[in-house]
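Asker: Got a structure for you, written out below as structure tokens; questions coming shortly.
The values are calculated or read from the model by the stated rules, or taken from the named source; none is laboratory data. Predicted model, so just to flag it, every value in this text is computed and none were measured. All Cβ positions, even for glycine, are placed from backbone atoms using ideal geometry, and neighbour counts span all protein chains on display. Side chains are part of the model used for accessible areas, which takes the heavy atoms of the whole protein and leaves out ligands, DNA and RNA. Shrake-Rupley method; radii C 1.70, N 1.55, O 1.52, S 1.80 Å.
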Amino acid sequence: MSDCDPGSDPQVIRGGVREAVPHDSSRKHATGTAVYVDDIPEPPGTLHVALGLSEHAHARVTDIDLEPVRSAPGVVAVLTAADIPGANDVSPFAGDDPMLATGEVCYHGQPIFAVVARSFREARVAARLGRIAYQELPAILTIDDALSAQSFLDGTDPPYTMSRGDPDAAIAASPHRIEGEIRIGGQEHFYLEGQAALAVPGEDDDVTVHSSTQHPTEIQHVVARVLGLADHAVTVECRRMGGGFGGKETQGNLPAALAALAARITRRPVKVRYDRDDDFRITGKRHDFLIAYRCGFDAEGRIAGIVFEQAARCGMSFDLSMAIADRAMFHADNAYYLDTARIVSRRCKTHTASNTAFRGFGGPQGMVGIERVMDHIAHHLGRDPLEIRRANYYAEKSQLQKGERLLTPYHMTVEDCVIGELTAELEKRADYADRRAAIRHWNASSPILKRGLALTPVKFGISFTLTHLNQAGALVHLYTDGSVMLNHGGTEMGQGLYVKVAQVVAEEFQIDIERVKITATSTAKVPNTSPTAASSGSDMNGMAARRAARAIKIRMARHLASERQADPDEVVFLPGRVRIGEAELPFVEAVRECYRGRVSLSATGYYATPKISWDRAAGRGRPFYYFAYGAAVTEVAIDTLTGENRILRVDILHDAGKSLNPAIDLGQIEGGFVQGAGWLTMEELVFDDKGALRTHAPSTYKIPACSDRAPVMNVQLFERGENVEDTIWRSKAVGEPPLMLGISALMALSDAVAAAGEGRIYPALDAPATPERILAAVNRVRAGSPPS
């Protein structure tokens with residue numbers, strides 16, 4: 001069997017790879033007909049759940065009276081930890097995250113009991129009637145609290161470290177040195193669809209759970225663990241999510257297990273749907289970070305030695321914090337070669353909700369740290385920050401044979417770097433140099449309004465750093481009418497994964513994409529799947545689906561060739577037809593002939609990412625298959641009297657390799673930038689001194705609106721991009737990397753603040769750069785005093 005060269009046939013299929021095919025659910029999204037978990041028609045007798053939550057960050061429960069709850073109208077059952085037949089644990093791996101608290105509560109908003117009622121409103125009203133007495137205990141709430149108390153998830157000494165060379169000696173010997181710190185706030189996921197699950201009990205204690213989750217297999221395992229069942233008794237299904245961003249990788253465990261438990265006890269279908277305020281309070285966020293740095297460099301701004309000390313607020317349990325903090329360390333270099341470096345990480349245990357995965361998975365925080373350093377070096381030397389960034393870039397892939405400026409602090413060789421070439425192209429397209437001069441002139445004559453400009457790069461590693469997660473499966477059925485049913489382990493959260501994998505299958509069979517049916521992700525169809533995370537969904541599931549389709553094609557080729565005394569290599573799949581030697585058959589006729597010849601037309605496909613390895617204890621290896629690259633230029637304006645600010649223009653050039661679907665990828669890039677800029681400029685999580693989240697609703701937590709989008713936004717794909725590794729059609733991941741393009745907005749705001757002073761004081765602008773923080777920084781640079 002040989003494959004068709006798309007350029008060699010006058011006919012083409014509709015919807016193959018590299019075509020800008022619309023999202024498979026775009027029409028449903030626009031018309032409101034897309035079915036999410038809360039839209040599934042409720043089976044007769046469906047019950048609803050609400051939670052009773054802790055009002056203290058850290059306390060001992062001394063008494064609990066739930067009789068008023070049980071006697072409330074509509075209440076069918078009230079559940080506590082005592083009602084759990086299996087393990088009271090919804091953690092992803094560490095066994096330290098109880099579904100319902102027992103004895104001690106460890107964050108404000110922690111679930112203590114659950115109310116099962118005939119309606120959602122009756123459950124919510126009843127949940128407020130619980131009478132709980134507490135003995136309040138000392139609470140560790142912030143990173144500073146945890147550092148003072150030596151409260152860490154992984155013990156106190158030694159902290160986890162990645163290093164190369166002797167940075168202390170290099171810094172001491174450098175002609176120029178800086179030091180400082182940056183505080184980086186957390187971020188609420190704010191998925192449009194909140195956490196939701198519907199559990200339907202079956203025979204023999206079986207249960208089917210419809211869950212809004214990025215990780216159906218983990219939901220399956222957690223539900224089985226809580227109910228004391230084997231995994232085979234639990235089926236989890238997810239057709240689509242209304243957004244996830246990492247917030248549904250582990251945080252869906254609790255609502256799904258709770259729905260399943262209530263269904264088991266009542267023998268009725270049960271739905272759990274968090275109220276938005278409760279969703280904010282219960283679920284973890286992006287980790288906030290404190291990053292301190294010391295750096296030595298030469299007169300050209302080239303870094304000789306650097307030390308980072310990262311501290312992350314993790315919350316009351318492990319969740320995914322260890323891997324997230326690890327990835328922040330992996331990306332402490334971003335696109336820069338650090339000849340000698342030490343990166344130290346503290347994983348702070350606090351009495352707050354356990355922070356969790358968020359788009360970039362710690363990588364954005366690590367990148368913000370090094371971008372701050374580049375900005376600070378430029379200010380110290382009085383140079384354009386782009387000059388400093390370019391001076392420190394990794395060597396280009398064309399310079400691999402020289403073997404210089406290629407090794408990361410975790411001892412991986414960077415083999416695919418294109419950031420210099422990409423930056424040069426973006427600099428020209430965005431007219432960076434002329435705009436930099438124009439802004440400098442404008443600022444000199446504008447005493448109140450100041451403008452800023454920044455170009456920042458992105459180098460983001462693609463793969464799960466937990467090596468065994470880098471695997472995927474798919475299931476493909478080819479029916480006798482020539483149509484295809486496709487299923488794989490990836491989940492659709494709006495990012496276009498389903499349509500991309502469908503394009504891969506359509507391309508393999510050389511049929512129109514309308515012939516490929518995408519079906520809901522289900523643990524009953526593809527088992528033991530990895531989460532849809534780490535930007536690896538298309539890479540892994542696309543490969544698995546292609547292998548399944550190719551297995552069917554190989555069987556067909558052997559049969560069709562044998563029937564015509566031909567060689568299987570003479571069988572070629574062409575658009576809508578199959579050529580066997582000199583003869584051709586319509587695709588559907590070829591399928592029917594194979595069916596009559598008793599050829600199996602169903603196959604599974606499996607893919608495991610090659611080349612990767614990681615020795616965590618040694619802090620070295622190859623944790624990533626390849627890197628994705630991009631760069632953004634952002635221009636901003638600030639009001640120095642109020643701190644108000646606007647993004648005026650954005651220019652982005654991003655490397656998607658050979659894009660599977662340019663329309664989908666461009667949408668991901670634009671959305672990623674806006675989400676990243678929102679995190680660093682306006683999204684602020686505010687906790688009071690008791691550990692209660694005060695910004696727990698759309699009225700108090702601000703995310704970017706349409707009016708916050710830059711009026712000029714130029715987003716383009718790097719046309720010369722091509723993956724050096726054998727990924728699916730030489731494409732590159734586009735899920736997480738674009739978020740970090742938003743760092744350019746923070747650096748542009750810092751540039752504008754610096755223009756308000758005389759250049760003696762570095763702005764040291766923390767994130768999010770709210771109007772209050774910008775105004776405080778303006779006042780500092782004008783007063784000539786460093787931050788306190």
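Asker: Could you tell me the accessible area of Phe93 in Å² (1.4 Å probe, neighbours in place), rounded to the nearest ten?
Answerer: Answer for Phe93: close to 130 Å² accessible.
Asker: Report, to the nearest whole %, how much of the accessible area of the chain belongs to carbon and sulfur atoms, 1.4 Å probe, protein only.
Answerer: 50 percent
Asker: Ok, one more. Accessible area per residue for the range 1-157 in Å², computed with a 1.4 Å probe and the full protein assembly in place, what is it? Walk me through the numbers on the way to the answer.
Answerer: Working: 7770 Å² over 157 residues.
In whole numbers, the range 1-157 has 49 Å² accessible per residue.
Asker: Another question, if that's okay. Using only the heavy atoms of the protein chains and a 1.4 Å probe, how would Met543, Met493 rank by accessible area, largest first? Before the final figure, lay out the partial values.
Answerer: Numbers: Met543 10, Met493 35 Å².
Order by accessible area, largest first: Met493, Met543.
Asker: Sum -39500 (n - 2.57) across every DSSP H segment of at least 4 residues in the chain, then divide by the residue count to get the 222 nm mean residue ellipticity, nearest 500.
Answerer: Counting only the DSSP helices, I get -8500 deg cm²/dmol.
Asker: For Gln716 and Arg27, what is the calculated FRET efficiency with R₀ set at 45 Å and r taken between the beta-carbons, to the nearest 0.05? Don't skip to the end; give the middle numbers.
Answerer: On the way: r = 27 Å, r/R0 = 0.59.
Computed FRET efficiency for Gln716 and Arg27: 0.95.
Asker: Take the Cβ-Cβ distance between Glu772 and Ala172 as r, set R0 to 41 Å, and report the resulting FRET efficiency rounded to the nearest 0.05.
Answerer: With a Förster radius of 41 Å, E is 0.60.
Asker: Could you state the number of Å between the C-alpha centres of the range 30-103 and the range 344-414?
Answerer: Comparing the Cα centres of the range 344-414 and the range 30-103, I get a distance of 41 Å.
Asker: With every protein chain left in place, what is the accessible area per residue of the range 459-501 in square angstrom, probe 1.4 Å? Please list the in-between numbers first.
Answerer: Values: 970 Å² over 43 residues.
On a per-residue basis, 23 Å².
Asker: Per the Kirkwood formula on distinct C-alpha pairs, the Rh of the chain is how many angstrom? Please report the intermediate quantities before stating the final value.
Answerer: On the way: mean 1/r = 0.0361 Å⁻¹.
This gives a value of 27.7 Å.
Asker: Turning to a different aspect of this structure: Would you pull out the residues with amide H under 5 Å of Ser731's amide H, same chain only if 5 or more places away, H placed 1.01 Å from N?
Answerer: It is Lys658, by chain and number.
Asker: Under 5 Å between amide hydrogens, which residues at least 5 positions from Ala59 or on another chain qualify, with H placed 1.01 Å from N in the peptide plane?
Answerer: So Ala59 has HN proximity to Val105, Leu137.
Asker: Cα to Cα, under 14 Å, and not fewer than 8 places away if on the same chain: which aspartates and glutamates meet these conditions relative to Lys450?
Answerer: Glu635, Asp639, Glu644, Asp751, Glu758
Asker: Residue by residue, what Karplus-based ³J(HN,Hα) values in Hz, rounded to whole numbers, does the range 654-671 have, using 6.51, -1.76 and 1.60 with θ = phi - 60° and x for Gly and Pro?
Answerer: Per residue, the Karplus-derived 3J(HN,Hα) values read 10, 9, 9, x, 8, 4, 5, 8, x, 5, 5, 5, 4, x, 5, 5, 5, x Hz.
Asker: Let me ask you something else. Quick check: with the 1.4 Å probe, what order do Tyr432, Tyr595, Tyr479 take by accessible area, largest first?
Answerer: Tyr595, Tyr479, Tyr432
Asker: May I pose another question? Hey, what's the range 165-204 come to in accessible area per residue, 1.4 Å probe, Å²?
Answerer: Averaged over the residues of the range 165-204, the accessible area is 44 Å².
Asker: Report the local net charge at Gln135: Lys and Arg +1, Asp and Glu -1, summed over other residues whose C-beta lies under 14 Å from its C-beta.
Answerer: Here the count lands on -3.
Asker: Rounded, prolate or oblate: which fits the range 629-788, taking a ≥ b ≥ c as square roots of the Cα gyration tensor eigenvalues, rounded meaning a/c under 1.5, else prolate when a/b beats b/c?
Answerer: Note, shape of the range 629-788 comes out prolate.
Asker: Using θ = phi - 60° and the Karplus curve 6.51 cos²θ - 1.76 cosθ + 1.60, what whole-Hz ³J(HN,Hα) does each residue of the range 12-25 get, with Gly and Pro shown as x?
Answerer: Values, residue by residue: 9, 7, 9, x, x, 5, 6, 8, 7, 7, x, 3, 4, 10 Hz.
Asker: Next up: With θ set to phi - 60° and the Karplus curve 6.51 cos²θ - 1.76 cosθ + 1.60, what are the ³J(HN,Hα) couplings of the range 429-446 in order, to the nearest whole Hz, using x for Gly and Pro?
Answerer: For the range 429-446, the Karplus curve yields 4, 8, 6, 4, 4, 5, 5, 4, 5, 5, 5, 4, 5, 5, 4, 5, 10, 10 Hz.
Asker: Continuing with this model, one more query. Cut-off under 29 Å on the C-alpha distance; same-chain residues fewer than 8 positions from Lys500 excluded. Which lysines are left, in chain and number order?
Answerer: Reachable lysines: Lys28, Lys248, Lys285, Lys397, Lys459, Lys517, Lys525, Lys553, Lys611, Lys658, Lys732.
Asker: With a cut-off of at most 11 other beta carbons within 10 Å, and DSSP calling the residue loop, which GluC sites (Glu not before Pro) in the range 706-781 qualify? Please list them.
Answerer: When the GluC sites (Glu not before Pro) of the range 706-781 are filtered for loop state and at most 11 Cβ neighbours within 10 Å, Glu719, Glu758 remain.
Asker: Follow-up question, since we're still on this one. Count the net charge of all other residues whose Cβ sits under 11 Å from the Cβ of Asp96, scoring Lys and Arg as +1 and Asp and Glu as -1.
Answerer: So the surrounding residues net to -2.
Asker: For the range 667-681 and the range 155-213, compute the distance between their C-alpha centroids and round to whole Å.
Answerer: Each part reduced to its Cα centre gives a spacing of 18 Å.
Asker: Counting Lys +1, Arg +1, Asp -1, Glu -1, what net charge surrounds Phe718 among other residues with beta carbon under 12 Å of its beta carbon?
Answerer: Charge balance in the 12 Å sphere: -2.
Asker: I've got another one for you. What figure in square angstrom, to the nearest 10, would you give for the accessible area of Lys28 with a 1.4 Å probe?
Answerer: Result for Lys28: roughly 90 Å² accessible.
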